[in-house]
Amino acid sequence: MIVVSRGGVRSTFFLACVFGIIWPAAAPAKTTTIDDSGTQALEPSVSMRWRSATPPRSGADNLMIGTTTIRVHLNVMPWLHRSGRIYLSLPAQPPGPIGASWTAQQRLYSGQLRSGGRVLVYAGPITTPFFEDVLRFQFAVDATLTRRPFPVNFHFEIDED
């Protein structure tokens, strides 16, 4: 049984309209992939090694790590003289979960993420047509998942303010 008190439906609708005007819902940011075709790996092949000095026998720590340097060149010309948030995205991909951490040397933020995620690497005004930086990456992957060499794909995205 539904009971509507005096003015209930109209009052509720009116209040919903008023609150909608006072607290408008935030419009979702528009996410766009950035042209990073000028980005290049200084060491295209990453040599992986055991995280610990000796390979584990118990299978408890099968983590392998490798490092590489990436020279990032992002074409942000379409967003020149606007503000935005730039993210590094590492899609889920074979052979399985991949961890990545990096240190940036210039404009971008240092950080870390796992495959299937994205992380903020810059927020603020875009005052130049290109963003350039050098990132020193360390990748980590479970050795039980790696049977042969595999590519690691990543890209940059922007959320416009």
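Legend: Rg and Dmax of region 73-161, from Cα coordinates, 14.5, 47 Å. Between GLU160 and GLN112, the simple label model (points 7 Å from Cα in the Cβ direction) yields a spacing of 3.5 nm. Between TYR122 and ILE86, TYR109, the built amide H atoms are under 5 Å apart, and every one of these is 5 or more places off in sequence or on another chain. If you take all other residues with their beta carbon under 10 Å from the beta carbon of LEU90, and give Lys and Arg +1 and Asp and Glu -1, the sum is +2. Peptide packing for 36-48, 86-98 was compared via the average number of neighbouring C-beta atoms within 10 Å per residue; ordered from the highest value, the list is 86-98, 36-48. Derived scalar couplings between HN and Hα for region 102-108 equal 8, 10, 9, 10, 9, 7, 7 Hz in order, rounded to whole Hz, by the Karplus curve 6.51 cos²θ - 1.76 cosθ + 1.60 (θ = phi - 60°), x for Gly and Pro.
Phi angles of region 76-86 translate, via the Karplus equation with coefficients 6.51, -1.76, 1.60 and θ = phi - 60°, into HN-Hα couplings of 10, 3, x, 10, 4, 6, 10, 9, x, 10, 9 Hz per residue; Gly and Pro are given as x.
Under a 5 Å amide H cut-off, with hydrogens placed 1.01 Å from N, GLN105 pairs with VAL134 among residues at least 5 apart or on other chains. A crude spin-label estimate for the pair ARG136 and LYS30, with each label 7 Å from Cα along the Cβ direction, gives 3.9 nm. Each Cα pair under 8 Å and six or more residues apart adds its sequence gap; the mean of these over the residue count of region 67-161 is a relative contact order of 45 percent. Between LEU63 and ARG148, the contour length at 0.36 nm per residue exceeds the alpha carbon distance by 29.1 nm.
Every read-out reported here was derived from the displayed coordinates using simple, explicitly stated rules and does not represent laboratory data. Just so you know, these numbers come straight off a predicted model, no measurement behind them. With ideal geometry, Cβ positions are generated from the backbone for all residues, glycine too; neighbour counts draw on all protein chains shown.
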